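A.B. asks: A single structure is presented below for examination.
Each value in this text was obtained by applying a stated rule to the coordinates, not by laboratory testing. Because the structure is predicted, anything quoted here is derived from the model rather than measured. Every residue, glycine among them, receives a Cβ derived from its backbone with ideal geometry; neighbour counts consider all protein chains shown.
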Amino acid sequence: MKDPKDYIVFPLDVPTLNEAMNLVRILQDEVGLFKVGLQLFISTGPKVVQYIKDSSSAGVFLDLKLHDIPDTVKKGVEAAARLNVTFVTVHTYGGERILRSAVSGGGEKTKVLGVTVLTSSDKESLRDLRFSGESVSDISRLVLHRASLARKAGCAGVICSGLEVAGIKQRFGKDFIAVVPGIRPTWSVISGDDQRRITTPAQAVQNGADYIVVGRPIRTAPDPKEAAMRIAEEIRTVL
Ligand code: C5P
């Protein structure tokens, strides 16, 4: 059985290498992967990836959400693969050709995951983007469609909310990886929260998530290590 802590992806959403190093030290035994996103990667570059690899056994999730022409995305993924990260993310919004190109830049060690519909998006934000009909009334259909593009292109899996993960697993099988952000334990209160399609850690894992991304509920907790342990305990109850 997978260890409950290995479901947890912790995003290092901080501006400096020092702050990231501090969080890695505190949480390295409590989470499965550290996620490096735009803010930290733009500030520190590959240094932070190297630090995580040298100082912990946790994997690195490079969440750059690439979205560009096929050749540029491929070269971005190749550069990520040279850093030996476990996962790199690409938007599915650009379509199958871009995704296929992204996958060709990955390799055995670095898997490409497709971002379906951001968990901060809701019906209103999709309407603003001129989406209509079923894509708006039932976001899970749009998520499934984008997941099917990712699957056809050879991506290892997708990012989706905990509300869509069961449908994805049902359609594409258990080996197609589902990473679920928008996680809110019942005890966490995030002021001015931007996430919309949210689930608890237990709901997401019960619905089939292979990994859950939990940021602010851990980072802003009075004791982040204790918060991460509490989330692992919650996961254990549904395994
Ligand atoms: O738990 P919290 O809302 O703080 O987590 C935020 C993290 O989840 C950010 O690093 C963000 O990039 C990531 N994320 C997301 N929605 C997605 C994909 C990633 O919120 N669809």
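A.B. asks: Among the residues of the range 31-43, how many are away from the ligand (no atom under 12 Å from the Cβ), surrounded by fewer than 21 Cβ atoms within 10 Å (Cβ to Cβ) and either assigned to a loop (DSSP other than H, G, I, E, B) or in contact (Cβ under 8 Å) with a residue 24 or more places away in the chain (or both)?
C.D. replies: 1
A.B. asks: Condition (residue is crowded, with 18+ Cβ neighbours inside 10 Å, near the ligand (Cβ under 10 Å from one of its atoms), under 16 Å from the mean Cα position of the chain (by Cα) and not aromatic (Phe, Trp, Tyr)) applied to the range 203-210: is it met by at least one residue?
C.D. replies: Scanning the range 203-210 turns up no residue that is crowded, with 18+ Cβ neighbours inside 10 Å, near the ligand (Cβ under 10 Å from one of its atoms), under 16 Å from the mean Cα position of the chain (by Cα) and not aromatic (Phe, Trp, Tyr).
A.B. asks: Another question about this same structure. Can you find even one residue in the range 97-117 that is among the basic types (Lys, Arg), out of contact with any helix residue (DSSP H, G or I) (no Cβ under 7 Å at 6 or more places or on another chain) and under 25 Å from residue 183 (Cβ atoms)?
C.D. replies: Among the residues of the range 97-117, at least one is among the basic types (Lys, Arg), out of contact with any helix residue (DSSP H, G or I) (no Cβ under 7 Å at 6 or more places or on another chain) and under 25 Å from residue 183 (Cβ atoms), which makes the answer yes.
A.B. asks: Of all residues in the range 141-193, which are basic (Lys, Arg), assigned to a loop (DSSP other than H, G, I, E, B) and within 12 Å of the ligand (Cβ to nearest atom)? So that I can check it myself, show each step before the final result.
C.D. replies: So in the range 141-193, the residues basic (Lys, Arg) come out as 141, 146, 151-152, 169, 171, 174, 184.
If we keep only those that are assigned to a loop (DSSP other than H, G, I, E, B) too, we end up with 174, 184.
If the condition is that a residue be basic (Lys, Arg), assigned to a loop (DSSP other than H, G, I, E, B) and within 12 Å of the ligand (Cβ to nearest atom), then 184 is the only one that fits.
A.B. asks: Give the range 61-91 a look and list any residue that's assigned to a strand (DSSP E or B), free of Cβ contacts under 8 Å to residues at least 40 places away in the same chain and closer than 15 Å to residue 108 by Cα, or say none.
C.D. replies: Step one: of the range 61-91, the residues assigned to a strand (DSSP E or B) are 61-66, 87-91.
From what's left, free of Cβ contacts under 8 Å to residues at least 40 places away in the same chain: 62, 64, 66, 88, 91.
Within the range 61-91, 88 is the sole residue that qualifies.
A.B. asks: Residues of the range 120-132 being more than 28 Å from residue 173 (Cβ to Cβ) and not in a helix (DSSP H, G or I), which ones? I'd like the intermediate steps shown before the answer.
C.D. replies: The first filter runs over the range 120-132 and keeps only residues more than 28 Å from residue 173 (Cβ to Cβ), leaving 122-125, 127-130, 132.
Residues satisfying the conditions are 122, 129, 130, 132.
A.B. asks: Also, I was wondering about something else. Could you tell me whether residue 175 is among the acidic types (Asp, Glu) and within 19 Å of residue 103 (Cβ to Cβ)?
C.D. replies: Taking the combined requirement at face value, the residue satisfies it.
A.B. asks: Have a look at 121, 125 and point out the one that is surrounded by fewer than 16 Cβ atoms within 10 Å (Cβ to Cβ), out of contact with any strand residue (DSSP E or B) (no Cβ under 9 Å at 6 or more places or on another chain) and hydroxyl-bearing (Ser, Thr, Tyr). Can you show your working first?
C.D. replies: On the way: 121 fails: surrounded by fewer than 16 Cβ atoms within 10 Å (Cβ to Cβ).
Testing whether each residue is surrounded by fewer than 16 Cβ atoms within 10 Å (Cβ to Cβ), out of contact with any strand residue (DSSP E or B) (no Cβ under 9 Å at 6 or more places or on another chain) and hydroxyl-bearing (Ser, Thr, Tyr) leaves just 125.
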